[in-house]
Amino acid sequence: MPGDGIGPEVVDGALTILREVCSHHNTELQVESFPFGGASIDKHGTPATEEAIEACKSSDAVLLGAVGGEKWDHLTGADRPESGLLRIRSELGVYANFRPVRVYPELAHASTLKSSIISGVDILIVRELTGGIYFGQPRETNLDAEDPYSFDTMRYHRSEIIRVTKKAFDAARKRDGRVCSVDKANVLGSSRFWRDIVKSYAEQNETGIELTHMLVDNCAMQLIRDPGQFDVILTANLFGDILSDEAAMLTGSIGMLPSASLGDGPGLYEPVHGSAPDITGQNKANPLATIASAALMCRYSLQLEEAATKIEQAIENTLKKGFRTGDIFTDSSNELLVGTDEMCEQVLSSLQQKSGQPANQ
Ligand code: IPM
Ligand code: MN
């Protein structure tokens with residue numbers, strides 16, 4: 001689902017990489033593509049057709065670019081491109097959104113934060129993705145009332161909190177074994193409920209995982225004060241949306257941040273960044289977030305862990321060689337400014353070298 005803006009450019013690149021690693025692992029990749037978001041509105045009058053949703057549901061995994069743009073900004077509610085994205089997340093039941101934030105040493109100086117603060121940062125944000133205020137009912141905007149009003153509902157059921165908590169704890173066990181659950185329990189009842197459920201889940205099911213709790217405003221501060229303190233951050237839909245954009249800047253650019261959205265069926269893989277209309281079609285977009293999302297797809301949906309690691313190493317090698325798209329280019333003497341296509345080609349050639357195949361095969 002390439003979507004809008006730079007979506008098609010970055011998805012194209014990631015597919016090339018996926019095809020390459022699959023060929024190394026005797027895995028035949030079957031790809032079907034559907035217009036999505038604004039592109040689907042233009043073609044079919046709806047941001048996500050039933051056909052596209054059914055195709056996603058019956059696939060092993062979905063790769064998504066980005067949705068939205070000025071052209072569709074006048075639309076409201078279910079007509080907006082973004083509502084297609086929310087619908088697909090909900091239809092696929094991908095309730096746990098993994099947003100790994102890793103600072104590549106080569107890019108430490110590209111961040112707006114001091115390298116001493118961000119070096120070595122390796123955080124996994126686990127964002128609840130199919131509930132909370134994004135989906136809670138009732139919701140209403142009433143412009144005809146004497147004093148017009150609008151409200152959304154932040155609602156969580158125990159089962160929704162438990163299943164995403166389990167994913168976060170399972171992930172933490174393979175990492176540093178620490179989960180920080182982030183909420184606004186000093187103000188919101190739904191957050192106090194969230195905190196209680198997470199606590200009791202940990203008491204009943206976990207030994208050896210360190211669970212802490214933090215208020216979301218403090219977390220926003222701690223992320224730029226001392227991001228090294230975090231291992232896994234577990235949080236609700238809206239808080240995770242905001243904190244993951246903030247955390248992206250630790251890596252130098254949101255163009256570096258991949259995501260995996262997991263439930264009990266097919267996984268959904270998308271870069272954290274948006275459709276970037278300002279650079280669309282100019283071969284300027286950073287494809288690395290989408291390529292890294294393809295790596296996560298290999299890891300979590302295709303059971304190709306080795307392929308995932310290979311892609312991640314190829315990204316690292318490409319950065320080591322100095323190749324940079326505009327968003328991570330800092331003008332230092334050993335950096336080479338490249339476009340989307342060349343960045344993809346460099347990752348591809350690094351993959352081919354790694355596997356001992358000639359670069360032109
Ligand atoms: C994200 C995006 C989406 C979200 C928008 C486009 C609906 O910001 O994936 O973080 O808010 O979830
Ligand atoms: Mn977001």
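Taking a sphere under 13 Å around the Cβ of E305 and counting the other residues whose Cβ falls inside, with K and R at +1 and D and E at -1, yields a net charge of +1.
Average accessible surface for the chain: 45 Å² per residue, computed with a 1.4 Å probe over protein heavy atoms with every protein chain in place.
Any idea how many Lys pairs in segment 163-234 come in under 19 angstrom at the alpha carbon, given 8 or more places apart or on separate chains? Write out the running numbers ahead of the final one.
Numbers: K166/K174; K166/K199; K167/K199; K184/K199.
Counting lysine pairs in segment 163-234 gives 4.
Sorting T27, T141 on solvent-accessible area from highest to lowest, probe radius 1.4 Å, gives T141, T27.
If the viscosity is 1.002 mPa s and the temperature 20 °C, what translational diffusion coefficient in µm²/s does Stokes-Einstein give for segment 43-133 when Rh comes from Kirkwood over Cα pairs? In µm²/s, the coefficient is 134. Only beta bridges with both residues in the chain are counted; by DSSP, about 45 percent of them are antiparallel. Using the Cα coordinates of segment 1-159, the gyration tensor eigenvalues translate into equivalent-ellipsoid semi-axes of 31, 25, 17 Å, sorted from longest to shortest. Here the 3J(HN,Hα) profile of segment 269-286, calculated from phi with Karplus coefficients 6.51, -1.76 and 1.60 at θ = phi - 60°, is 10, 8, x, 6, 6, x, 7, 6, x, 5, 10, 4, x, 10, 6, 10, 5, 7 Hz, Gly and Pro shown as x. For segment 155-202, applying the loop criterion from DSSP together with a ceiling of 11 other beta carbons within 10 Å to the chymotrypsin sites (Phe, Trp or Tyr not before Pro) yields no site. With every protein chain in place and a 1.4 angstrom probe, the accessible-area ranking of L337, L143, L64, L188, largest first, reads L143, L337, L188, L64.
So, with a 1.4 angstrom probe, what is the percent of accessible area on the chain that is carbon and sulfur? Accessible surface attributable to carbon and sulfur in the chain totals 48 percent. The solvent-accessible area of C180, taken with every protein chain present and a 1.4 Å probe, is close to 10 Å². The value given for segment 129-185 is a Kirkwood hydrodynamic radius of 13.9 Å, derived from the mean inverse Cα-Cα separation.
Distance from the Cα centroid of segment 223-242 to that of segment 48-109 is 21 Å (rounded to whole angstrom).
Taking a straight line from the alpha carbon of K114, these lysines sit under 25 Å away, with near neighbours fewer than eight places off in the same chain left out: K320, K321. A convex hull fitted around the alpha carbon atoms of segment 112-251 yields 121 Å³ per residue.
Pairs of alpha-carbon atoms within less than 8 angstrom and 6+ residues apart define the contacts here; what relative contact order does the chain have, in percent? The value is 23 percent.
Need one word for segment 231-308: rounded, prolate or oblate. Basis is the Cα gyration tensor (sqrt eigenvalues a ≥ b ≥ c); a/c below 1.5 gives rounded, then a/b vs b/c decides. Since a/c reaches 1.5 but b/c is at least a/b, the shape of segment 231-308 is classed as oblate. Equivalent-ellipsoid semi-axes for the chain (Cα gyration tensor, √(5λ), whole Å, largest first): 31, 26, 21. Placing unit charges on the Cβ atoms only, positive for Lys and Arg and negative for Asp and Glu, gives the chain a dipole magnitude near 1100 debye about its Cα centre. Here's the list of lysines a cross-link from K71 could span, going by alpha-carbon distance under 24 Å and ignoring same-chain residues fewer than 8 apart: K43, K284. Between the listed residues V216, V67, C180, the Cα displaced farthest toward the positive end of the dipole of the chain, a dipole computed from Cβ unit charges relative to the Cα centre, is found at C180. Counting only DSSP H runs of at least 4 residues, each contributing -39500 (n - 2.57), and dividing by the residue count of the chain, the helix-based mean residue ellipticity at 222 nm comes to -13000 deg cm²/dmol.
The values are calculated or read from the model by the stated rules, or taken from the named source; none is laboratory data. As the structure is a computational prediction, the values presented were derived from the model and not from experiment. With ideal geometry, Cβ positions are generated from the backbone for all residues, glycine too; neighbour counts draw on all protein chains shown. SASA here: full protein model, heavy atoms, side chains in, ligands and nucleic acids out. Shrake-Rupley method; radii C 1.70, N 1.55, O 1.52, S 1.80 Å.
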